[in-house]
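To keep things clear, I will list the structure first and then write my remarks on it.
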Amino acid sequence: MTIIITILASLLVFGAVIAIHEFGHFAAAKLSGIQVNEFSIGMGPALWKKIAGGTQYTLRLLPVGGYVAMEGEGSPESNQAGRDRDNRDEPPAGENPIPPEQRTGIPFPEAAVWKRAIVMAAGPLMNFVLGFVVLLGLTAFRAEPIASRIIYEVEEGSLAAQTGLEAGDEIVAVNGRRCFVTNDILYELARTRDTQADFTVRRDGKLVELPDVQFDSYTDEDGSTRMDIGFTVYALAKTPANVLKESVNSELYYSRIIFTSLADLLRGRESINNLSGPVGIVSAISQAASYGLTDVLEMLVLITVNLGVFNLLPIPALDGGRLVFLAVEAVIRRPVSERVQENLTLATFILLFGLMIFATYNDVIRLFTGAL
C-alpha cells in the first residue's frame, strides 16, 4: 500500500509540475500564432495521441518530462527545409505529425523576438502560478492559523530574552535578510552555525538592531545539537487580505531559499554531496505522503517553484538561456549563430546531466545507508 501511495503521490506531483510548465509554453505559442506540432506530457512510447486544431496531443509512458514541439525550432537550414517540404506539399519525415494543410501558425523563428521570449518565459511563469494557487488553497483551508512575525512571548530566563528579544517585537530581518513569513525566520536561524544571529526588529514603531542574539540548545536522541528559539509569535486572522499576502510571501520564501541554497553550494557552505536527484525527490514525496495530502501539496509547491526558478537561470540548456539568446538577438538585430547556440547548449546539457547522475548516485548511497 505504501508503494502504491508513493507512486500515486509522485505521479500527482511530477504530472502537475510538468504539465503546467509545458502548458505555459503551449498556450503562449498558440496565442502568439506559432505552429505547435506536438504537445506531449511524458517521455518514451506514446500511450495516447490525438490531432486537433493543428496540434498533436500526446500522453507518453514515462512521467519524467514533456515537450512542446514548435514548427521551425532548429537550425536555419532545417527551417528552410521545412518550408521547402511545405512547398512540395509533403509531410516532414518523422518530426512533424501535422500535414501541411492542417497547420494553423507560423514557424517559431518567424515570430517576433518578443513573442518568442514570452513563449520561453511562459513555462516557468506557469510553475509560479501553480505554486501560488496551491499555497492559496493551503493557507485558506488548513486548520493551522497564519503565523505572524510579531513575538507573543519570550521564555523567561532563555538566552533569547537575556540577549535582546522582547514580547511585542516584530521581526524584520535575521542576519541582514528581510523576513516576510515565519518560515524566513526559521530558515535563517537553521543556517546559523553557532546558535546566535543578528536581528532587526520593529519596537514601538522604530527599527532596532539586536546584534548577537543567542539561543539555548539541546541534544536530541541521535546526539545532534538543536537550537531552541525560546519564543512564540502571534496568530493572524484568516481574512482574504491576510491569506493573499501570506500566499505571495510564502512563494517568495520558496523562491529565495532556492537562490540561497545555490549560493551556499557555490561558496562551499553546503557540500555538493547534499545534492538530490530523482530518487531523492521521490523519497521526499513518499515521506510527505505518509503525513497526508497537505504535506504532498507543500512538496508540490517546493518542486514547482524550484523548477520555475531553475529554468530561468541564464544557462543555455534551459529556458533562461534561450531568453539570453533572444535578448542578444534583439540587440544585434540578428539571431545568435546556431553553431554557438548548439555548442553552448550541448556543453551545459552534458554538465547538467552529469550533475543529475552524481545526485542520483548520492541518493542511492543514502538510500542503502539509511540516510535518505
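The values are calculated or read from the model by the stated rules, or taken from the named source; none is laboratory data. In this text, all values refer to a predicted model and were calculated from it rather than measured experimentally. Cβ coordinates were reconstructed from backbone atoms using ideal geometry, including for glycine residues, and neighbour counts include every protein chain displayed. Areas reflect the complete protein model, heavy atoms only, side chains present, ligands, DNA and RNA absent. Shrake-Rupley method; radii C 1.70, N 1.55, O 1.52, S 1.80 Å.
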Practice problem: Hey, could you check the range 106-120 for residues that are assigned to a loop (DSSP other than H, G, I, E, B) and open to solvent by less than 30 Å² (accessible area, probe 1.4 Å) and say which is nearest to Glu251 (Cα to Cα)? | Solution: Ala111
Quiz prompt | Filtered residues of the range 136-148 (kept if open to solvent by less than 40 Å² (accessible area, probe 1.4 Å) and either under 30 Å from Arg203 (Cβ atoms) or of a type in the set (Lys, Arg) (or both)) | solution = Thr139, Ile146, Ala147, Ser148
Quiz item: Given the structure, is Ala81 open to solvent by less than 70 Å² (accessible area, probe 1.4 Å), over 17 Å from Phe39 (Cβ atoms) and modelled with pLDDT of 95 or more?
Solution: no
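I'm trying to understand the selection: among the residues of the range 123-147, which are touching a residue at least 24 places away in the same chain (Cβ under 8 Å), in contact with a strand residue (DSSP E or B) (Cβ under 9 Å, 6 or more places away or on another chain) and either of a type outside the set (A, V, I, L, M, F, W, C) or on the phi > 0 side of the Ramachandran plot (or both)? Spell out how you get there, then give the answer.
Residues of the range 123-147 touching a residue at least 24 places away in the same chain (Cβ under 8 Å): 123-132, 134-140, 142, 145-147.
Within this subset, residues satisfying the condition of being in contact with a strand residue (DSSP E or B) (Cβ under 9 Å, 6 or more places away or on another chain) are 123, 139, 145-147.
Matches in the range 123-147: Gly123, Thr139, Pro145.
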Practice problem: Could you grab the pairs with beta carbons closer than 6 Å, sequence gap of 6+ or different chains, first residue in the range 333-362 and surrounded by 14 or more Cβ atoms within 10 Å (Cβ to Cβ), second one β-branched (Val, Ile, Thr) and assigned to a helix (DSSP H, G or I)? | Solution: Val336/Val328; Thr360/Val279
Quiz item: If you check every pair at least six apart or on different chains, which have Cβ atoms under 7 Å apart with a residue in the range 181-206 that is on the phi > 0 side of the Ramachandran plot first and a residue that is open to solvent by 60 Å² or more (accessible area, probe 1.4 Å) and in a strand (DSSP E or B) second?
Solution: Thr195/Gln214; Thr195/Ser217
Quiz item: Do you know which residues across the range 207-235 are touching an Asp or Glu at 6+ places or on another chain (Cβ under 8 Å), surrounded by 16 or more Cβ atoms within 10 Å (Cβ to Cβ) and either free of Cβ contacts under 8 Å to residues at least 60 places away in the same chain or closer than 28 Å to Phe141 by Cα (or both)?
Solution: Leu210, Val213, Phe215, Asp216, Met227, Phe231
Quiz item: Val64 is checked against (1) of a type outside the set (Ser, Thr, Tyr); (2) modelled with pLDDT under 80; (3) over 30 Å from Val248 (Cα atoms); (4) open to solvent by 60 Å² or more (accessible area, probe 1.4 Å) and fails just one. What number does that condition carry?
Solution: (3)
Exercise. Could you tell me whether Glu170 is out of contact with any strand residue (DSSP E or B) (no Cβ under 7 Å at 6 or more places or on another chain) and of a type in the set (Asp, Glu)?
Key: no
Self-check item: Candidates Leu344, Leu293, Leu326 - the one that is within 30 Å of Gly137 (Cα to Cα) and among the hydrophobic types (A, V, I, L, M, F, W, C)
Solution: Leu293
Quiz item: Mind checking which residues of the range 235-282 are part of a helix (DSSP H, G or I), modelled with pLDDT under 80 and in contact with a Phe, Trp or Tyr (Cβ under 8 Å, 6 or more places away or on another chain)?
Solution: Ile272
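For the range 27-76, what are the residues that are among the polar types (S, T, N, Q) and in contact (Cβ under 8 Å) with a residue 60 or more places away in the chain?
Of the residues in the range 27-76, the ones among the polar types (S, T, N, Q) are 32, 35, 37, 40, 55-56, 58, 75.
Within the range 27-76, Ser32, Gln35, Asn37, Ser75 qualify.
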